[in-house]
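See structure below.
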Amino acid sequence: MISSLTALFIVFAAVIGSSAMIGMIAYFLHRLRRIEVGSANEAGAHPLADHLADIQDELRAVQEDVSALSERLDFTEKLLMQSDEASASDDSE
């Protein structure tokens with residue numbers, strides 16, 4: 001049986017990990033916007049413009065991973081809450 005402290009640690013670690021992923025996504029979006037603006041302002045092609053589509057695809061994949069992790073976190077939290085409620089009802093009997 002998972003103790004409440006262990007469950008809290010798992011949830012805390014998942015939230016910190018999700019926050020870090022969101023920060024990385026925000027950073028990549030910022031960089032992509034700067035590349036797009038730079039390539040629109042220049043007469044010639046930007047050296048990174050060729051890789052922009054690949055980076056956007058990778059970013060979409062990361063966003064999908066974050067969404068999947070968020071769903072898993074929600075599911076895990078529900079399971080932990082159910083197990084805590086079950087153990088609390090067993091202790092009261």
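The values are calculated or read from the model by the stated rules, or taken from the named source; none is laboratory data. The structure presented is a predicted model; accordingly, all values stated were derived computationally and were not measured. FYI the Cβ positions are ideal-geometry reconstructions off the backbone, even for glycines, and counts take in every protein chain you see.
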For ARG60, which of the numbered conditions (1) surrounded by 14 or more Cβ atoms within 10 Å (Cβ to Cβ); (2) modelled with pLDDT of 85 or more fails to hold? (1)
Checking ALA49 against (1) aliphatic (A, V, I, L, M); (2) modelled with pLDDT under 70; (3) loosely packed, with under 11 Cβ neighbours inside 10 Å: exactly one of these is not met. Which one? (3)
